[in-house]
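Computed from the coordinates by the stated procedures, all read-outs in this text should not be read as laboratory data. These figures come from a predicted structure and were not determined experimentally. Every residue, glycine as well, gets a Cβ built from its backbone with ideal geometry; the counts of neighbours run over all protein chains shown.
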Amino acid sequence: MNLVRRLAAGHVRGDYLDGIAVFSGIPYAAPLDGPARFAAPRLPERWTGTLDATRFSPSPPQTSWMGGSESLWHPGDGTDCLSVNVWTPDPTGGGLPVLVWFYGGAFLIGSASQPEYDGATLARGGAVVVTVNYRVGFEGFGWLPDAPLNRGLLDQLAALHWVRDNIAQFGGDPGNVTIMGQSAGGTSVAVLVAADEGRGLFNRAIAQSVAGGFLTPERARATSERIAAALGVRATASDLAAVRPEAIHAVQREEGQITPYGPVLGGELVPGLPWRRLRGEVDLVAGSTRDEYRLFAVTAGMADADPAATAVTVGLPPSAAGAYRAAHPDLSDADLNAMILSDGAFRMPSLWCVGNHPGRAYCYEFAWQSPAFAGALGACHGIDTPLTFGNFVGTMSSMLLGNPVPAGVVDLSEQMRSAWISFAATGDPGWPAYRAGKAITRIWDVPSRLAADPQAVSRQIWEQAATAGSGR
């Protein structure tokens, strides 16, 4: 079968892999050469002939995670990294729902070429799957006075414009697009659901583990000035464009810090916290894992603080630790710390998105517990991602799920994928919409079930703090 498709910028040639048509490394924006590195994305130039779309593009410039696994980017990699990958079960058909994935990685790392994000299994369920490279780290989110804010988010919008203009050539319906992502990707989804710039580009959204790490311009500027000072240059795009990415990567982190980056508040795209201004016309699924922060507590040793001090770090009064302790008398201090940090970092932002959404919204909690580290991780951050795609390969999947994958996880993955595709196709994931007073929530577990307001205790603690003027 002819796998050449005619797009707005030129022809592309893909390949069939196990019955799914795959097109990789298609540019949706121009290469990041010279001043373009810190500029808003620009349309790619049209090409002549047929572009070979059978291999991934380079990853965006980045470093390794916590100095651990090998980086997805290496000095000397090409600058043509702003690309999309497409998996479709019927490239010559039409009307399929479209799922567009934005990866996580603390706005510091990530690439659409990661094996965890292979879209074949998800597409096999009856959808066109698109994964997007966007700028991370300083290139994507560093504050600069002579460059636009939140360039990584601008990349995502550019990719969505590409989807609108081209996805019909792969069998997708440009009028039925669902954006989805986890962690930094889920946070990006929340921002885009709130942004006027997203109007007309998608009509549904799945936000997995929305993070609360939004930065004031003052904090973002201080980070940029610290980095620039370490490099001996001014904190401007004109100066930093002459500095090699790896030099910036070497000085961007601070001890004890997961990431120095996040969406910067201010400007047209992110004028405020997204859960306060979500657009009701976009149907939403949002949720978190039950033990979000245990991954960081175990791998980075971040669970030893006093619970009262931990409460303060997430914006609660010290007395909130007593409320947590009263509700969970059997938890150790380490587990209580992990719970408070989980709430502050991911669970409450995800709940705020569902609870404040003016349209149709659905809530979930992922509760299946990892057997890794003798069970210390629980249902930790990121454990839901392999199940979202049905891919049990890659470093993170192997660490969290084990090899072979435990019994029941494959079926649980199938349930999740079926729910996400149903939501993309019809707006119904298969359980009741979230309503105040009932807060029906899908608990993803073996077996899965429905629960009424399972996060009630945490939500009430945060609501009481907000009433007292200490919460968000």
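A few comments on the model shown:
- Across the chain, the relative contact order, built from alpha-carbon pairs under 8 Å that are at least six residues apart, equals 14 percent.
- Sequence ranges 439-451, 325-337, 274-286, ranked by mean other-Cβ count within 10 angstrom, highest first: 274-286, 439-451, 325-337
- Between residue 374 and residue 8, the modelled label-to-label distance comes to 5.6 nm, taking each label 7 Å out from Cα in the direction of the beta carbon.
- Average projected area [Cα convex hull, region 1-125], square nanometres: 9.0 nm²
- Charge sum, other residues only, whose C-beta stays under 12 Å from residue 54's C-beta, Lys/Arg counted +1 and Asp/Glu -1: 0
- Charge-dipole axis of the chain as Lys and Arg at +1 and Asp and Glu at -1 on Cβ define it, positive-most pick from 194, 21, 418: 194
- Each 10 Å bin from 0 upward holds the following percent of the Cα-Cα pairs of the chain: 4, 21, 32, 28, 12, 3, 0.
- About its Cα centre, the chain has a charge dipole of approximately 860 debye under the convention of +1 per Lys or Arg Cβ and -1 per Asp or Glu Cβ, with nothing else charged.
- Sequence-separation-based contact order of region 292-411, relative, with Cα cut under 8 Å and 6+ spacing, percent: 25 percent
- Distance in nm between pseudo-label sites at residue 440 and residue 40 (7 Å out along the Cβ direction from Cα): 4.3 nm
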